[in-house]
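These notes are about the structure you will find just below.
Here, each number is a calculation from the coordinates, and none is a lab measurement. This is a predicted model, so every value here is computed, not measured. No Cβ is skipped: glycine too gets one built from the backbone with ideal geometry, and neighbour counts run over all protein chains shown.
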Amino acid sequence: MATATANPPRYETYVSAIQGQPLPLAYIDMDLLDANAQALCQRAGPYPLRLATKSLRCVSLLRYVLKRYPGFRGLMTYSAAEAALLAEAGFNDLLIAYPTMEPRDIKACLPSIQTGKRIIFMVDHPDQLRLLQKHAEAGVTTISVCVDLDLSTHFPLLHFGVFRSPLRQPKDLVPLLDTLRQCHLLQLEGLMGYEGQIAGVPDHLPHSKIYSLFVRFLKKRSAKEAFARRVETVEFLRKAGFPLSFVNGGGTGSVDVTRRDPSVTEITVGSGLYSPTLFDHFRDFKYAPAAGFVLPVVRQARPHIYACSGGGYIASGPIHVDKQPQPFMPGGLTLFKILGAGEVQTSLRAPEELQLGQPIFFRHAKAGELLERFNEVHLLRGGKVEQVVKTYRGEGWCFF
Ligand SMILES: Cc1ncc(COP(=O)(O)O)c(C=O)c1O
């Protein structure tokens with residue numbers, strides 16, 4: 001199992017680190033983030049890692065990871081407007097992972113493309129190509145594109161994966177390539193196939209052993225089926241006169257599986273750096289819980305029942321208790337099933353006595369989404385606050 005090696009966080013150390021800081025606050029333990037970055041680079045071996053911005057949502061941290069870890073190269077952004085802002089902020093090699101039909105956002109990218117920045121748009125439909133071609137003509141510039149291949153697997157009675165792109169196999173690409181041949185200012189640079197059902201689905205749940213076995217079985221079958229399609233598609237494109245400069249795959253949960261696909265040239269990761277609770281239960285790796293938030297205890301409603309301010313930071317995706325934040329430290333605290341994490345207050349059951357004003361540390365279910373709730377994030381190192389930096393939200397960046 002790939003493990004991030006770092007000293008496990010201690011409640012007393014964290015309390016002393018954030019002493020005197022106004023609460024609530026969000027934090028990243030940089031010692032743990034470093035351990036996670038090293039573990040990810042090690043797992044990826046010779047493959048460059050593309051950093052998923054949606055899983056960090058903090059310009060300073062994007063800059064930090066790219067500068068400090070040469071294994072990370074380039075960004076995968078989640079919006080064209082975001083890519084434009086990041087390019088203006090000095091970043092280069094930006095792959096926009098989702099298609100856009102918003103003229104304003106495409107236009108915003110043009111000045112950076114004209115000055116030579118590499119910004120690549122995702123496509124899976126001829127209409128997206130036509131819109132990009134129109135903007136390329138207006139901006140008198142070439143625009144690079146990447147094809148999104150859907151890597152979900154359809155088993156009998158079970159769709160395993162997300163419904164991403166309509167392009168599932170080489171022949172599905174024909175209309176797109178026909179249009180591309182007519183769009184003289186567009187250049188096909190890459191292929192992306194995201195095996196989210198392997199990279200993002202926990203497969204080692206402590207209370208669901210049979211279910212976990214079943215998920216691992218599906219993942220194995222799915223990797224075989226989906227990776228063969230990615231390989232075939234790359235070959236099909238080459239034969240059709242579209243040699244690629246990159247093939248992107250993977251996510252935090254699939255690094256060592258994705259690298260077995262001979263067609264892949266780079267792997268995307270982001271969440272593994274923060275390691276939120278949704279990544280706690282994978283059989284093949286364990287990263288350190290680097291990100292979290294701190295709420296103050298503000299009232300005691302009954303013996304052993306307390307409330308903290310804030311906390312209802314529920315993650316996106318299918319609605320389930322695993323999308324709630326979890327009290328992390330001190331140990332033994334639990335949420336109430338009927339209340340969950342609240343909009344203004346979060347109630348906790350505590351086996352030991354808590355003090356009013358006492359900081360309680362929580363972890364979010366997902367990585368970048370936590371920072372949508374905070375303007376700044378405290379970077380901790382060596383048991384101290386090393387720096388306080390702006391989140392995307394603090395920059396005034398909100399894309400969806
Ligand atoms: C296209 C794509 N690739 C890779 C990832 C993996 O990112 P992470 O490592 O944060 O799970 C994502 C996340 O949703 C994605 O959308």
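Per-structure values
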read-out: Label-point separation in nm, Val385 to His154, each point 7 Å along Cα→Cβ; value: 5.3
read-out: Length released on extending from Glu395 to Lys220, taking residue separation times 0.36 nm less the Cα-Cα span; value: 58.8 nm
read-out: Inter-probe distance in nm under a simple model that places probes 7 Å from Cα toward Cβ, at Gln114 and Ile338; value: 6.3
read-out: Part-to-part distance (alpha-carbon centres) for the range 269-321 and the range 340-381, which is given in Å; value: 7
read-out: Charge dipole (debye, nearest 20) of the range 29-281; +1 at Cβ of Lys and Arg, -1 at Cβ of Asp and Glu; value: 360
read-out: Which of Phe72, Val59, Leu95, positive extreme of dipole for the range 29-281 (C-beta unit charges); value: Phe72
read-out: Under 11 Å, Cβ to Cβ, from Lys117 - net charge with Lys/Arg +1 and Asp/Glu -1; value: -1
read-out: Extension reserve of the Val298-Ile210 stretch, reckoned as 0.36 nm per residue once the Cα distance is removed; value: 27.5 nm
read-out: Descending principal axes extents, the range 291-395, alpha-carbon based, whole Å; value: 41, 36, 21
read-out: Most positive-pole-ward Cα, Asn375, Phe361, Val385, against dipole of the chain from beta carbon charges; value: Phe361
read-out: The chain: angle of helix 30-44 to the longest principal axis, Cα-based, in degrees nearest 10; value: 40
read-out: Helix-only CD estimate at 222 nm, as mean residue ellipticity for the chain, using -39500 (n - 2.57) per DSSP H run (n ≥ 4); value: -9000 deg cm²/dmol
read-out: FRET efficiency, 1/(1 + (r/R0)^6) with R0 25 Å, evaluated for Lys107 and Val162 via beta carbons; value: 0.30
read-out: Helix axis angle, 126-139 relative to the chain longest principal axis, alpha carbon, degrees; value: 80
read-out: Summed side-chain charge close to Leu278 - residues other than Leu278 whose Cβ falls under 9 Å, Lys, Arg +1, Asp, Glu -1; value: 0
read-out: Rh by Kirkwood over Cα pairs, then Stokes-Einstein D for the range 91-200 at 1.567 mPa s and 4 °C, µm²/s; value: 88
read-out: Extension gain (nm, one decimal) between Glu232 and Arg73, 0.36 nm per residue minus Cα-Cα; value: 54.7 nm
read-out: Orientation-averaged projected area, Cα convex hull of the chain (nm²); value: 19.9
read-out: Cα-centre dipole for the range 291-395 with unit charges at Cβ (Lys and Arg positive, Asp and Glu negative), debye to 20; value: 100
read-out: Of Lys54/Lys107; Lys366/Lys390; Lys107/Lys390; Lys171/Lys239; Lys54/Lys390, those spanning more than 23 Å from alpha-carbon to alpha-carbon; value: Lys107/Lys390
read-out: Charge tally in the Cβ shell below 13 Å around Leu173, where Lys, Arg are +1 and Asp, Glu are -1, Leu173 excluded; value: 0
